[in-house]
Amino acid sequence: MLKIAKNRLNELFAAIAEKQTLYIPVDREDGAAEYRKWENGCEMSGALNTVRSAKDFFFPQTENLVDFKMEGKNIEVIDIRKESEDFVIFGVKACDARSFTILDKVFLVDPVDSYYKTRRDHGTVVTMACTRPSETCFCGVFGIDATAPEGDAACFSDGENIFFKANTEKGQAFIDSISSMLEEGDTAKLDEVQAKTKSILEKLPLANLSTDSFGGARLKEHFNSDKWGELSEACLGCGTCTFVCPTCQCYDIKDFNTGHGIKRFRCWDSCMYSDFTKMAHGNPRLTQLERFRQRFMHKLVYFPANNEGEFGCVGCGRCLSKCPISMNIVKVMKALEVK
Ligand code: SF4
Ligand code: SF4
């Protein structure tokens with residue numbers, strides 16, 4: 001397998017950044033990690049995951065979709081999109097890589113979201129296999145192997161070297177583009193690291209969480225469950241869980257009058273908010289119980305029912321660590337589990 005010594009990683013990043021914009025996870029001053037554009041001196045974070053997921057690269061939190069210029073009774077529609085440039089996201093973890101598959105099922109089905117598709121076409125996802133999963137991780141529950149991540153190309157660390165494997169043609173083209181810096185490496189130590197990580201994954205506290213009770217078959221049973229009242233009772237409707245979630249894809253479209261015309265924006269929204277999908281007749285989900293139920297029914301029941309069993313969660317654990325009242329999808333799954 002081709003590899004590069006870990007202490008040459010910055011050299012590699014410089015070579016990639018010469019050809020394409022490169023984004024890597026870096027440590028912020030408060031110790032948390034976030035993706036940033038690589039510049040000379042940027043060090044890759046050793047954190048398990050970024051606070052915000054990598055979905056922003058394909059589905060940004062805010063984007064200007066189109067402008068309208070008005071003169072008298074004439075309206076000119078201005079497509080303000082510029083051709084996207086190729087870019088590389090390096091160091092994406094297995095859970096976030098799977099989230100792209102889930103987002104593809106939303107944005108790339110007919111009618112295709114051309115904004116999302118352009119970014120997907122121009123982006124190369126280079127993943128990094130996990131070696132230190134945390135007790136909030138449960139990606140394995142959704143069939144994700146943290147030691148063999150998806151993405152266009154996958155990287156694996158044995159502590160001293162980074163090994164590369166192509167998963168797609170785009171990934172192979174990426175590896176070919178940096179091949180002059182890579183050399184064949186012995187994977188004996190990597191195999192040991194992989195075996196150790198697998199053993200940690202098997203022993204994680206949430207490794208045995210079951211999805212058997214979920215999917216489309218029990219829709220009515222779960223919808224009518226009397227557990228939702230207690231589960232949703234303390235929910236603040238803050239939307240934090242939806243904003244950190246790599247698979248949440250709700251958005252709102254708003255027009256702003258600039259005085260000379262209209263700028264149309266798409267912004268992330270949250271099904272936990274009381275004004276979400278508010279229409280002329282009002283809001284279809286009037287209580288926090290209904291809104292809370294919608295979020296979890298969507299991930300655990302509606303989405304798999306409509307997407308060949310694929311759940312709308314990748315077990316990244318972000319909602320477990322960020323919810324201010326310590327409510328999360330694991331608690332919901334345990335409460336609704338059919339024994
Ligand atoms: S529901 Fe929670 S654990 Fe699942 S993908 Fe979203 S943030 Fe991660
Ligand atoms: S983060 Fe917690 S309190 Fe906030 S909306 Fe989500 S479940 Fe409710």
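Every number in this text was worked out from the coordinates using simple rules, so none of it is lab data. Predicted, not measured: the structure shown is a model, and the values here were computed from it. All Cβ positions, even for glycine, are placed from backbone atoms using ideal geometry, and neighbour counts span all protein chains on display.
May I ask you to give the average projected area over all directions of the convex hull of the Cα atoms of segment 1-55, in nm² rounded to one decimal?
4.8
Sort 48-61, 262-275 by packing, meaning the average of other beta carbons within 10 Å per residue, with the highest value first.
48-61, 262-275
Kindly state, as a whole number, the per residue volume in cubic angstrom of the convex hull around the alpha carbon atoms of segment 216-336.
In segment 216-336, the Cα hull volume divided by residue count equals 132 Å³.
Report the net charge of residues surrounding residue 19, where surrounding means a beta-carbon distance below 11 angstrom and charges are Lys +1, Arg +1, Asp -1, Glu -1.
Summing Lys and Arg as +1 and Asp and Glu as -1 gives -3.
Tell me, what ³J(HN,Hα) does each residue in segment 244-252 have, in order and in whole Hz, if you take phi through Karplus 6.51 cos²θ - 1.76 cosθ + 1.60 with θ = phi - 60° and put x for Gly and Pro?
Taking θ as phi minus 60°, the curve returns 8, 6, x, 9, 5, 9, 6, 8, 10 Hz for segment 244-252.
Compute the length gained on full extension between residue 180 and residue 338: take 0.36 nm times their separation in residues and subtract their Cα-Cα distance, giving the result in nm to one decimal.
51.4 nm
Would you mind ranking 18, 233, 34 so that the residue whose beta carbon has the fewest other beta carbons within 10 Å leads the list?
The order, fewest Cβ neighbours first, is 18, 233, 34.
Residues of segment 313-333 with the amide nitrogen closer than 20 Å to a label point 7 Å from the Cα of residue 236, along Cα-to-Cβ, please.
Zone members listed by number: 317-332.
Rounded to the nearest 0.05, what FRET efficiency do residue 5 and residue 65 give with R0 = 45 Å and r taken as the Cβ-Cβ distance? Could you check?
0.50
Quick one: which residues, 5+ away or cross-chain, put their amide H under 5 Å from the amide H of residue 161? H built at 1.01 Å from N.
6
What list of ³J(HN,Hα) values in whole Hz, one per residue of segment 260-271 in order, does the Karplus curve 6.51 cos²θ - 1.76 cosθ + 1.60 (θ = phi - 60°) give from phi, with Gly and Pro shown as x?
10, x, 10, 10, 9, 10, 10, 10, 4, 10, 9, 5
Tell me, in nm to one decimal, what length is gained between residue 258 and residue 84 on full extension, where the rule is 0.36 nm per residue of separation less the Cα-Cα distance?
60.1 nm
Separation of segment 264-339 and segment 176-213 by C-alpha centroid, Å?
Each part's Cα centre sits 30 Å from the other's.
Work from the charge dipole of the chain (Cβ charges, +1 for Lys and Arg, -1 for Asp and Glu, about the Cα centre) and give the residue of 267, 199, 294 farthest towards its positive end.
Comparing the listed Cα positions along the dipole, 294 ranks first.
Starting from 0 in steps of 10 Å, tell me what percent of the Cα-Cα pairs of the chain lands in each bin.
5, 22, 31, 24, 13, 4, 1, 0
Going 7 Å from the Cα of residue 118 along its beta-carbon direction, which residues of segment 48-81 have the amide nitrogen within less than 18 Å of the resulting point?
56-69, 77-81
Quick one: 3J(HN,Hα) in Hz for segment 323-328, Karplus 6.51/-1.76/1.60 with θ = phi - 60°, rounded, Gly and Pro as x.
Values, residue by residue: 5, x, 10, 6, 9, 6 Hz.
Can you work out the FRET efficiency for the pair residue 325 and residue 14, with r the C-beta to C-beta distance and R0 = 41 Å, to the nearest 0.05?
After rounding to 0.05, the efficiency reads 0.40.
Find how many whole Å separate the alpha carbon centroid of segment 37-56 from the alpha carbon centroid of segment 217-256.
A separation of 28 Å, based on Cα centres.
Search the structure for amide H atoms under 5 Å from the amide H of residue 251, placed 1.01 Å from N in the peptide plane, and list their residues when 5 or more places away or on another chain.
269
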